[in-house]
Every structure is written in C-alpha cells, then in structure tokens.
Amino acid sequence: MQRIHLGLTSEKDKSYDIVIDRGVFANIASDLRMKRFAEKYVVITDKKVGKLYSKKLIDALKREELYLGKIVVPVGESSKSVEQFSECLEDMVGLGANRKTGIIALGGGVVGDLGGYVAASFMRGIEYVHVPTSLLAMVDSSIGGKVGIDLKAGKNLAGAFWHPKKVYIDPDVLRTLPQKHWRAGLGEALKYGAIKERPLWEFFEKHIELWKKKPNDFLPSEWETVSEMIARCAQIKVNVVMKDEREGNVRQILNYGHTFAHVVEHMSDYEVVHGEAVAVGMRMAAALAVEMRFMPQTEYDRQNDLLDALGLGKTKTKGLIKDFVKHMRKDKKAKGDLRVVLVSRLGTCYQQMGQFGIAVEEKIVKKVIEQGEWVDDVEVVDMSQPSSSFQPQTVSSVEQKRALDDVSSTWDGVTSGSYSPSQSTSTSYGAPLSSTSFVGETDLQKRLREMRERAEAKRQYREQSGGAGGLNSSEGAGLGSGGGFLPG
C-alpha cells in the first residue's frame, strides 16, 4: 500500500472589512485603486439597480482606470439560475476578463449571490467586492461568503463559500428601495434579535414607527438609527461567521425560519420574496417550538406581535400544505432530514446536546403547518399591511419578582399538540414553570425541564431589571484584528 499526503496548512487570509457609512458609495472606486484587489473590474448588476447607480460607479472606475465592462441581468430570483450563471461566465470571457480581473456585485441579494458565485467559479476563483443596495443584502447576504444559485429542485442548491475582499454599505442608497423590499429586509433583520440579541429585538420594538415608514421619508436623525440597526445586525453575523465559517453548528442559527422560508419561496414560484418568506418561516418555527415545549407562549406572542405590527409574515400562499414536508427535506438547511433551528426565548436559540439543528418529527411539522393561519388553499391573499396598534411589552420589576418567586406557576391549558394563544397562559416574565408532567415525560425529564425553566426565568429577570447589561461581553462592538465592519 502506498500513502501519499498532501498537506495544505497555509490557507490565505480571508479577513475583510464591512464599511458602513453614509456617502461611501462615492469613494468606492478610489478605495479600490488604493487596495489593488484586482487590475480591472466587471460590474454585475440588474436592470433596475443599473439604471439608478451603475453610471456613477462606472464613471468613477473609468477615472481610476479600473473599468473593464458591465453585465446586466434581469431583476428577480429568476436570475439565480443555471442558465443566467452560464451566460455570465460567457460574458466574462467575452469582456476579456482574466485571473487578475475582479467583480463588483452591485445590487441586492440576488445579484450578490449570483455575482459572488461567478467570482468563485470563473478561472477557478477571482476576487470580488459587494456593494449591497437592499436592506436584506446589507444586514445579511453580503456578509459571510455564501454565494450560489437555485436549481429546479430548490433554492441555493448550487453554490460555494467565497468571501468578498470588501463590503461597501451606504445606507443612503436605500432611499430608492421600494417599501415592499424594505419591509422584506426587516424580516431578515429581525431574525438577528430573535436568535442572538434580545436588546436588538427591544430596539426594533422601540423604533416601531420608524420601520413602518418608506425609506425616502426618513428624517436625517432617523438615518442614524437605520445605520445603527444595519451595523448591529452585521456585527452579529460577523461574530457568528468568525466562530463557524462553514456552518458546522453555530452558524446554523442564522437559518432561523429559513428551512420553512425556502419552501414558501419555491412553492410560490418566488412571488413571495425572501425576507417576507423568512418572516413566515419565523412564525412557523415559533409555533413548532411551542408545540415541542421549547418556547413559552409569551415569547411566541411577542415575536408575532412585532411581525404583525410590521405587516410581516402574513402573506397567505396557495397550496402550502401539499408536499410541504417533502420540499423541506430537499432544502440544504434541513441536511436531508427534518432539522430546524428553534428559539427558546427571543435572543436565545434552543440547543439539543450542544447542537442548534433540532431534529423534529414529520407528524409534528405537518400538524403545525396545517393549523397555522398562514395557510390558504383557496386563493393567494396579500395581507402584508402594517398594524397601527403595536405597543412594546413592558413588565415592572415588582411583577417580575412576584412571578419569579411563584415557582409553582403552571402552563395552564397546554396539552400535547396545542400552541394556540387561547389555550395557554404563562407568568408575567414570559418563562412559564410547569408543575405537571407532559405526555410521555419521565420524572427525570420533568426535573431537568423545570431546572431549565427556572434558569431561563432568572436570567430574563436579571436582564430586564438591569443586572445583565446589554450585549454579551464576548461579542462587543469591536472585532479585533480579524476583519469585520468599520462603522462610518
């Protein structure tokens, strides 16, 4: 037997900066000249964004002698296709691109995913930079190196991990973003508060009236709040990706709501845009978490109250029940079986033996889908209108203390298979403590569950009474020397 070992231990540094600064768009070309990521650049954009922003960028690239050409693709998810991907590669050849050529992905999530995958594939990989022009791309898809296209079988089934050299986020370009896509971006942004940072969720609740506005109507002072929101979401994603680049475990929390969302997108033929589908998926995942006794009813209600207030996740999609689980199994985030990310309380993901991908039974998933208000098998109805009656939830410290002391409180009315708000009550701090066993629960399981519930109650009480501070101390605002964002 012969054994030949190929050792590759000196992988190149993949760190990069995410610059968040109003007005940075005007400085992109000069910065690229200084950084020398590539000799020339091809701008990949879509027809709509191209009309708004490509001329200004291309003129600046020409002044710096960095411009090679432009590739314009149709607007929408249909551009993330094998055919469009192939056409882009052929266009790169036609423009005379080589291994020293770079790509500028100018657009939203679709353009970023497609342009990044072209960069990862052309001549076995060339450099590229992101210039996101949608909220969803700014807070999520432009960061982390995931690029790819859709196949007929499902969303993002072909792709790569290929990091950009830099991300330029200019919040001012959101002025031209349609409100539908602004609201869809909020769906993705809210995910970060749900999975990792409860104070961020409270930040969204505090500024609820701002998020309801059209971006073009924002006041100067409100743009600072928008920039802060983008930066906080970006920082959370950076922290997660630095811990787990290839989605071995921790990065899976970024998939909250996505396993459901990708099915909603696919089955609606992408008429439901990604951020809206994520909001639907968050509702489904939360209902599943309550069904499986991982999330208190109050947390379920609090999540959905904010989604309701913003008109998110209320789009009813025809035919969701039929073949839904079968499509879930095809989604790459489900890893071949039914595994989903669940939240135990806003700001905290549920873990099972240290893993964030939770195995779920098919019959439970089907039950949650069939009982959900998101299903309409008769017609497609757009209900995505914000509510004007939202009030952030506040609980006095006296009430919290009283609830914390009442360790005998029960989660009344919850029986196996129910998650309806009308069938459940909980203590005022939002972490119910059960004195009765659930169906099939052993004494040991009951004791462990009660210990977990008490710990959750104490932690929430400390946080809401000011004892726990804000951001997790291990995930502060800075990134150290490993790349990250530079707020403007």
Is at least one residue of the range 157-166 at pLDDT below 95 and not aromatic (Phe, Trp, Tyr)? yes
Given Glu205, Glu224, Glu228, which one is open to solvent by less than 10 Å² (accessible area, probe 1.4 Å), modelled with pLDDT of 95 or more and charged (D, E, K, R)? Glu205
Is it the case that the range 142-158 has a residue that's in contact (Cβ under 8 Å) with a residue 12 or more places away in the chain and in a helix (DSSP H, G or I)? no
Hits in the range 50-69 - residues which are open to solvent by 40 Å² or more (accessible area, probe 1.4 Å) and closer than 22 Å to Asp172 by Cβ: Lys51, Leu52, Lys55, Lys56, Asp59, Arg63, Glu64
Which ones in the range 345-396 are open to solvent by less than 80 Å² (accessible area, probe 1.4 Å), assigned to a strand (DSSP E or B) and at pLDDT 60 or above? Arg345, Thr348, Cys349, Gln352, Ile358, Ala359
Give just the number: which of (1) touching a strand residue (DSSP E or B) at 6+ places or on another chain (Cβ under 8 Å); (2) among the small types (Gly, Ala, Ser); (3) more than 16 Å from Asp140 (Cα to Cα) does Ser221 not satisfy? (1)
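What do you reckon, is Ala137 touching a Gly at 6+ places or on another chain (Cβ under 7 Å) and closer than 24 Å to Ile28 by Cβ?
Details: touching a Gly at 6+ places or on another chain (Cβ under 7 Å): yes; closer than 24 Å to Ile28 by Cβ: yes.
Taking the combined requirement at face value, the residue satisfies it.
Given Val278, Val272, Val240, Val290, which one is among the hydrophobic types (A, V, I, L, M, F, W, C), part of a helix (DSSP H, G or I), touching a residue at least 24 places away in the same chain (Cβ under 8 Å) and closer than 18 Å to Gly185 by Cα?
Working: Val272 fails: part of a helix (DSSP H, G or I); Val240 fails: closer than 18 Å to Gly185 by Cα; Val290 fails: closer than 18 Å to Gly185 by Cα.
Being among the hydrophobic types (A, V, I, L, M, F, W, C), part of a helix (DSSP H, G or I), touching a residue at least 24 places away in the same chain (Cβ under 8 Å) and closer than 18 Å to Gly185 by Cα holds for just one of Val278, Val272, Val240, Val290, which is Val278.
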Could you say which residue among Leu157, Leu177 is open to solvent by 10 Å² or more (accessible area, probe 1.4 Å) and in contact with a Ser or Thr (Cβ under 7 Å, 6 or more places away or on another chain)? Leu177
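Return a yes/no flag: does the range 17-24 have any residue that is open to solvent by 40 Å² or more (accessible area, probe 1.4 Å), at negative phi and without any contact (Cβ under 8 Å) to a residue 60 or more places away in the chain. Break it down stepwise before answering.
At the first step, the residues of the range 17-24 found to be open to solvent by 40 Å² or more (accessible area, probe 1.4 Å) are 17, 21-22.
Cutting the leftovers down to at negative phi gives us 17, 21-22.
Imposing the further condition that a residue be without any contact (Cβ under 8 Å) to a residue 60 or more places away in the chain reduces the set to none.
No, that holds for no residue.
Might you let me know whether the range 236-256 holds any residue that is hydrophobic (A, V, I, L, M, F, W, C), over 13 Å from the mean Cα position of the chain (by Cα) and under 19 Å from Ser142 (Cβ atoms)?
For the range 236-256, residues hydrophobic (A, V, I, L, M, F, W, C), over 13 Å from the mean Cα position of the chain (by Cα) and under 19 Å from Ser142 (Cβ atoms): present.
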Inside the range 73-111, can you point out the residues that are surrounded by 18 or more Cβ atoms within 10 Å (Cβ to Cβ), farther than 17 Å from Ser121 by Cβ and aliphatic (A, V, I, L, M)? Leu106
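The values are calculated or read from the model by the stated rules, or taken from the named source; none is laboratory data. A quick note: this is a predicted structure, and the numbers were derived from the prediction, not measured. Don't worry about glycine lacking a Cβ; one is built from the backbone with ideal geometry, like all the others, and counts go over all protein chains shown. The accessibility values were calculated without ligands, DNA or RNA, using every heavy atom of the protein model including side chains. Shrake-Rupley method; radii C 1.70, N 1.55, O 1.52, S 1.80 Å.
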